[in-house]
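The values are calculated or read from the model by the stated rules, or taken from the named source; none is laboratory data. Since the structure is predicted, the reported quantities are computational estimates derived from the model, not experimental observations. Here Cβ is always computed from backbone atoms with ideal geometry, including for glycine, and neighbour counts include all displayed protein chains.
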Amino acid sequence: MRETFLVFGSPLIGEAEIAEVVDSLRSGWVGTGPKVQRFETMLSEYVGVPYCRCLSSCTAALILSMRLLGVGPGDEVLVPAMTFVASANAVEHTGATPVLIDSVPGTGLIDFAAAEAAITSRTRAIMPVHLAGRPVDMDRLATLRDQRGLVVIEDAAHAIGAEWRSRKIGAFGNLTAFSFYVTKNISTIEGGALVTEDPEIAAQVERLALHGLSLGAWQRFSDVGFRHYEVVNPGFKFNMTDVQAALGLHQLPRLDDWIELRREQWERYDELLAGLPLETPPPPEPGTKHARHLYQVLLDPDARVERDELLSALSERNIGTGVHYRGVHLHPFYRDKYGLRPEDFPVANAISERTVSLPLSPKVTESDQHDVVSALRELLR
């Protein structure tokens, strides 16, 4: 039994981040300002795209992406059934209809063959999710996009730092949304970003993220003097603050080293879990870089405990875990509104019932991993 609780997905926040936050607080500029702009520049350079706009969340980035691409009432958007509900929620908020698509066995990624079969005359967009940090097949996605005339909004909430054939996810000409939530590979506690190659979309995102004002707060109140704003479009309150960006300024330079550390932890789990009645995640596909956001195992159907019993027993042993995810089709709103049944999504449904995410982060030590596996061996054998 561990003496302390191993928190699932706890961020590693160092003294540099703390000092940068304190600097923001002492400067008096705690809203959207120069540090957000610096973080945006760093992100655009890291991903390899001309424009980045930081927002309050990845969900905000998804909503604005669809709004700016003209997705709305009467349209259908193809969304994986195996994802966090925020992906489908964002579609609902535009007035469009999310059409759920089953998963590929093993990886849990969207099944592109099933997606193509689901296209109708109303299908306007597809929202692939780079689940757990594993990039989807970007060549297949581009072919589907171009041949069927779809717009693409990539949900890369898990995938900052992931690559497909030596190109960063986010650098494939699609609008791409990232998350910097507290559990992600880098964190601004809450926050997200949208990257684009289109300067007009970047400008519109900046306006819509702050009520649709023609000038952001930084431009209106900086030392160049006061200027009046005009509302050119009714917008939202989706902006990131300098206090949040202060963390990101020091988290992003450490990202690649942290992904390498996650790779080492991943391989240690693979080795330690051998022989237990569970399925470890498939290795990354050749020519890709997995961001290693989540380490998900699938409990064997004939294991001696049910999945939820296992989660509770691990918690009693001071080990935090996660479930990523219960499929969108299982949530009452989507189940009831669209008449969805578990058997409509057999792969996503099986993952929903069997998946367990084990602690994986720069704060997790080798000793922590041994504690996790020792508890699993006790409970499963």
Checklist entry - In the stretch 279-316, how many residues are within 21 Å of Met1 (Cα to Cα) and touching a residue at least 40 places away in the same chain (Cβ under 8 Å)? => result 7
Next on the checklist: Looking at Val364, Val297, Val373, can you tell me which residue is closer than 24 Å to Ser10 by Cβ, among the hydrophobic types (A, V, I, L, M, F, W, C), assigned to a strand (DSSP E or B) and modelled with pLDDT of 95 or more?
Outcome noted: Val297
Checklist entry - If you take the residues of the stretch 60-87 that are surrounded by fewer than 24 Cβ atoms within 10 Å (Cβ to Cβ) and touching a strand residue (DSSP E or B) at 6+ places or on another chain (Cβ under 7 Å), which of them is farthest from Pro234 (Cα to Cα)? => result Glu76
Checklist entry - (1) surrounded by fewer than 19 Cβ atoms within 10 Å (Cβ to Cβ); (2) outside the structural domain of His250 (by TED's automatic domain parsing); (3) closer than 19 Å to Asn185 by Cα: which one isn't true of Glu3, the others all being true? => result (3)
Next on the checklist: Between a residue in the stretch 195-206 that is touching a residue at least 60 places away in the same chain (Cβ under 8 Å) and closer than 17 Å to Ile63 by Cβ and any residue that is assigned to a helix (DSSP H, G or I) and of a type outside the set (A, V, I, L, M), which pairs come within a Cβ distance under 7 Å, given they are 6 or more apart or on different chains?
Outcome noted: Val195/Ser44
Checklist entry - Among the residues of the stretch 154-161, is any outside the structural domain of His293 (by TED's automatic domain parsing) and over 30 Å from Gly31 (Cα atoms)? => result no
Next on the checklist: Which residue is surrounded by the most Cβ atoms within 10 Å (Cβ to Cβ), if the candidates are limited to the stretch 247-289 and must be among the aliphatic types (A, V, I, L, M) and either over 20 Å from the mean Cα position of the chain (by Cα) or in a loop (DSSP other than H, G, I, E, B) (or both)?
Outcome noted: Leu273
Item to check | Conditions (1) part of a helix (DSSP H, G or I); (2) out of contact with any strand residue (DSSP E or B) (no Cβ under 8 Å at 6 or more places or on another chain); (3) farther than 19 Å from Phe178 by Cβ; number of the one not met by Glu92 | outcome: (2)
Checklist entry - Within the stretch 361-381, can you find the residues that are among the polar types (S, T, N, Q), surrounded by fewer than 18 Cβ atoms within 10 Å (Cβ to Cβ) and closer than 17 Å to Arg263 by Cβ? => result Thr365
Next on the checklist: Looking at the structure I just gave you, is Asn239 of a type in the set (S, T, N, Q), modelled with pLDDT of 95 or more, in contact with a strand residue (DSSP E or B) (Cβ under 6 Å, 6 or more places away or on another chain) and over 28 Å from Ile13 (Cα atoms)?
Outcome noted: no
Checklist entry - Quick one: would you say Val323 is farther than 17 Å from Leu276 by Cα, assigned by TED's automatic domain parsing to the domain that holds Leu294 and under 21 Å from the mean Cα position of the chain (by Cα)? => result yes
Next on the checklist: Return the residues of the stretch 227-245 that are in contact with a helix residue (DSSP H, G or I) (Cβ under 6 Å, 6 or more places away or on another chain) and under 13 Å from Ser24 (Cα atoms); say none if nothing qualifies.
Outcome noted: Asp242, Val243, Ala245
Checklist entry - Pairs under 8 Å by beta carbon, first residue in the same structural domain as Glu197 (by TED's automatic domain parsing) in the stretch 40-62, partner assigned to a helix (DSSP H, G or I) and modelled with pLDDT under 95, six or more apart or different chains? => result Arg53/Glu206
